[in-house]
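The values are calculated or read from the model by the stated rules, or taken from the named source; none is laboratory data. Just so we're clear, the structure is a prediction, and the values are computed from it rather than from any experiment. All Cβ positions, glycine included, derive from the backbone under ideal geometry; neighbour counts span all protein chains shown.
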Amino acid sequence: MQEKPKVIVSRTRRPETAVKGFNFTEADIRAGNDFVASYRASAWSAFKRLPLPDTSLEAWRRTDIHALPADKFKFAPEGAYKDLSPVREDLLRPLVADQHGGQIVLLPGGVKVELDEKLSAKGVIFTDLRTAEEKHPDLLAKMLGKTVNVEEGKFSALAGAFARNGVVLYVPKGVTVEEPLHSVLWGPGPDIAHISHILVLVDEGASVTYVHEAASPDLKGANSMHASIVEIQVMENASMKFVELQSWGRHVWNFSHERARVERGGSLDWIFGAIGSRLTKNFSELDLAGEGAQGRMSGFYFTDGDQHLDHDTQQNHLAPHTTSDLLFKGALKGKSRSVWQGMIYVAPGAQKTDGYQANRNLVLSDQARADSIPGLEILADDVRCTHGATVGKLEQEPLFYLKSRGIPQAEAEKIVVEGFFDPIFQRIPFEGVRERFQQYIADKMS
Amino acid sequence: MSQLEIKNLHVNIEGKEILKGLDLTVEQGKVHAIMGPNGTGKSTLAYTLMGHPSYAVTEGDVIFKGQNILELEPDERSRLGIFLAFQYPVAIPGVTVANFLRTAINARRRAENPEDKGIPIPEFRKLLKEKMAMLKMDQNFAGRYLNDGFSGGEKKRAEILQMATLQPEIAILDETDSGLDIDALRIVADGVNTLMGKDLGVLVITHYQRLLNYIKPDYVHVMIGGRIVESGGPDLALHLEEKGYEWIREKYVEEEAAA
């Protein structure tokens, strides 16, 4: 006689505190021309319909936002920045060259825009979203909602409907912008929802380097949030270097949906640096849409305390002979946690593609945790795709070696961590960005 | 004149006793060689003197400049004037030989004066150039990542260059197994012979007598079973080359049994 297997039923009670919803209303949507208005109306409709994501969704399984005080957040009124901490001076300095071709500073309820006249004479548009809505409606129609679908989730719908401001960059056909363009989103203040929308179109044969940096002071005990959409189009034979840095304060909940589409023969060198926020959930997608398109994604992150950073990347090979190369490296301290979830997708017919993804993590404390989940979905048969994921600890032998030369423990650890990140530094063509990352390491390890 | 005095040193690895009461004094200006069969604790001695965390000292003292260095961290021992040339130095990717040496020099300067701004770059370049010329090294070497992809010989060169730059008073050369690689061995020997002087005391640890054809020791010690069992002049090494370790092992085991 076989015994019947025992059935054990266990119930885990979810906390009764219901997730609070946002209090934003249709009246908070900024007015715009027909095209803009209809885009925002569809985003608003998605926003109303879509629930706040919870851990039952695969993409959010490792990132729990039930503590997000959504009902507390307000939009900053016009001129709010005047009563808040001013933008840190160091953020305004050029990072990738001696000087900027243009700079935009987005502030709560305000903006500052500068662009070299020589560039505007060539037809380059580099301005804030509000100005573009007034002055360049036709251009917006070619950029808004072209790569990121507001239906992707609650936060893309939120950013689509309520963007307070943003950046619009257009580089006309064949124009090479030598001096880099730079924007800073400075988000001081408690209980504020900073909502931004970044739009880039690099037209055929054009090239540009663009650095976008989001930052805020640390506000202990407070909560703020940032939601953004980043839409990038690199047209035929165009090239773009895009550096995105975030050093949000520890009180900021940071959400972004980003997607770049690269057309035939185009190339995108996309660099991420993330050290801030309480929690980040970032979706970054690269669509290699035209034959021979190339994309490289390089990510640097360093978490400490109880930070939680989640980067969800997707490399979509949609055409033959496309190449993607992703390397994300992160270090973790304290009780912090990182998640990297990556996918290489190769569409049917996208033959001769070459896709690479790797995620390496260095866990510097026993209580920190890194999750690394690579993935491949290949529907073509003549491709080369490789991936790798590792989570390691600081090794004793290099530390002992360094110490045996008189270098104290803390400095030895810093050297080993810098060495760990070196493959990322090797991929960054800008000394200033490398120095910034080194500074991040020094700050995090001090 | 400083000396490194090892007294009754007992060391465990993972609970197993490897060094069982070792006594030895190494003076500045002299070369001591420790020889012995495999598995007798020679590398353990080298690592313990430098302060590797896996080696637990259960008894004994190591006195240098009036301090028991067993109480010091490896970096403090280094700054006090002790150097270990590793048998298998690890790669430090992302740090060039030059930057590494500058960091090590600056760590010394800052330990003396926390306000120190570090060695001025031109002064450092000059120093490095001199040392590399003295050791007949290619200047390109300074720009490579430390030990990263280095051949066995290059690793030895890098160790000797570090020794030349950091100017220790006592250098421990762990060459336990390297007797088979004649080139590496010559590099080490040439380096030591170049740097040797009244301010440098050397403790060279080797399994093979061959290294001592290139480095002339003032004293030779034989280590068996975690202790020094025989000490003598250079002729002891020749004797070992001729007769092997068996005779000494037998003698030692007899003594042990009698005790």
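A count restricted to segment B:114-142 and to residues that are loosely packed, with under 11 Cβ neighbours inside 10 Å and within 14 Å of chain A (Cβ to nearest Cβ) stands at 1.
Of all residues in segment A:370-396, which are over 12 Å from A:LYS329 (Cβ atoms) and crowded, with 18+ Cβ neighbours inside 10 Å?
Keep residues of segment A:370-396 that are over 12 Å from A:LYS329 (Cβ atoms), which gives A:371, A:373-387, A:393-396.
A:PRO374, A:VAL383, A:CYS385 - these are the residues of segment A:370-396 that are over 12 Å from A:LYS329 (Cβ atoms) and crowded, with 18+ Cβ neighbours inside 10 Å.
The set of residues in segment B:51-80 that are within 14 Å of chain A (Cβ to nearest Cβ) and under 12 Å from B:LEU4 (Cα atoms) comprises B:ILE69, B:ARG77, B:LEU80. Scanning segment A:207-230 for residues that are within 22 Å of A:GLU178 (Cα to Cα) and touching a Leu at 6+ places or on another chain (Cβ under 9 Å), we see that the one that is surrounded by the fewest Cβ atoms within 10 Å (Cβ to Cβ) is A:GLU213.
Residue by residue through segment A:357-401, note down the ones that are over 19 Å from A:MET445 (Cα atoms) and basic (Lys, Arg). Residue satisfying the conditions is A:ARG384 alone.
May I ask you to verify whether A:PHE302 is closer than 17 Å to A:GLU231 by Cα, among the aromatic types (Phe, Trp, Tyr) and in a strand (DSSP E or B)? Show your work before the answer.
On the way: closer than 17 Å to A:GLU231 by Cα: no; among the aromatic types (Phe, Trp, Tyr): yes; in a strand (DSSP E or B): yes.
No.
Could you look through segment A:110-133, keep only residues that are of a type outside the set (S, T, N, Q) and part of a helix (DSSP H, G or I), and pick out the one that is nearest to A:THR176 (Cα to Cα)? Only one residue fits best here, namely A:LEU119.
For segment B:50-59, does any single residue satisfy the condition of being among the hydrophobic types (A, V, I, L, M, F, W, C) and surrounded by fewer than 20 Cβ atoms within 10 Å (Cβ to Cβ)?
Initial filter on segment B:50-59 (among the hydrophobic types (A, V, I, L, M, F, W, C)): B:50, B:56-57.
If we keep only those that are surrounded by fewer than 20 Cβ atoms within 10 Å (Cβ to Cβ) too, we end up with B:56-57.
Checking segment B:50-59: at least one residue is among the hydrophobic types (A, V, I, L, M, F, W, C) and surrounded by fewer than 20 Cβ atoms within 10 Å (Cβ to Cβ).
Cβ-Cβ below 8 Å, separation at least six or inter-chain, first residue in segment B:84-102 and at the interface with chain A (Cβ under 10 Å from one of its Cβ atoms) and under 13 Å from A:TYR401 (Cβ atoms), second among the hydrophobic types (A, V, I, L, M, F, W, C) and in a loop (DSSP other than H, G, I, E, B): which pairs? Matching pairs, first to second residue: B:ALA91/B:PHE150.
Using the structure shown, decide if A:GLY145 is assigned to a loop (DSSP other than H, G, I, E, B) and touching a Phe, Trp or Tyr at 6+ places or on another chain (Cβ under 6 Å).
yes
Consider segment A:368-384 and keep the residues that are assigned to a loop (DSSP other than H, G, I, E, B) and more than 26 Å from B:PRO93 (Cβ to Cβ). The one that is nearest to the other protein chains (Cβ to nearest Cβ) is A:GLY375. Taking the criterion of being among the aromatic types (Phe, Trp, Tyr) and either within 30 Å of B:GLU169 (Cα to Cα) or within 12 Å of chain B (Cβ to nearest Cβ) (or both), the only residue of segment A:432-446 that qualifies is A:PHE437. Set side by side, the residues B:GLU159, B:GLU175 differ, and just one is under 16 Å from the mean Cα position of the chain (by Cα) and more than 14 Å from chain A (Cβ to nearest Cβ), which is B:GLU175.
Would you check if there is a residue in segment A:271-280 being in a loop (DSSP other than H, G, I, E, B) and on the phi > 0 side of the Ramachandran plot? Yes, segment A:271-280 contains a residue that is in a loop (DSSP other than H, G, I, E, B) and on the phi > 0 side of the Ramachandran plot. Screening A:LYS403, A:LYS414 for residues that are among the basic types (Lys, Arg) and at pLDDT 95 or above leaves exactly one candidate, A:LYS403. The sole residue among A:LEU394, A:LEU402 that is touching a Leu at 6+ places or on another chain (Cβ under 8 Å), more than 30 Å from A:VAL346 (Cβ to Cβ) and aliphatic (A, V, I, L, M) is A:LEU394.
Just one of the numbered conditions (1) over 16 Å from A:GLY406 (Cβ atoms); (2) within 14 Å of another protein chain (Cβ to nearest Cβ); (3) at pLDDT below 95 is not true of B:ALA111: (1). Taking the residues in segment A:385-431 that are assigned to a strand (DSSP E or B) and among the hydroxyl-bearing types (Ser, Thr, Tyr) as candidates, determine which candidate is nearest to the other protein chains (Cβ to nearest Cβ). Among residues in segment A:385-431 that are assigned to a strand (DSSP E or B) and among the hydroxyl-bearing types (Ser, Thr, Tyr), the one nearest to the other protein chains (Cβ to nearest Cβ) is A:THR390.
Of the numbered criteria (1) more than 23 Å from A:TYR170 (Cβ to Cβ); (2) buried (at least 18 other Cβ atoms within 10 Å of the Cβ), the one A:LYS74 fails is (2). Taking the criterion of being under 18 Å from the mean Cα position of the chain (by Cα), farther than 22 Å from B:GLY201 by Cβ and not hydrophobic (A, V, I, L, M, F, W, C), would at least one residue in segment B:48-68 satisfy it? Yes, that holds for at least one residue. The set of residues in segment B:188-207 that are part of a helix (DSSP H, G or I) and surrounded by fewer than 20 Cβ atoms within 10 Å (Cβ to Cβ) comprises B:ASP190, B:ASN193, B:THR194, B:LEU195. On the basis of being modelled with pLDDT of 90 or more, assigned to a loop (DSSP other than H, G, I, E, B), touching a strand residue (DSSP E or B) at 6+ places or on another chain (Cβ under 7 Å) and within 23 Å of B:MET50 (Cα to Cα), does B:ASP148 make the cut? Yes.
Each residue in segment B:38-50 was checked for being touching a Ser or Thr at 6+ places or on another chain (Cβ under 6 Å) and away from chain A (no Cβ under 11 Å), and 2 pass.
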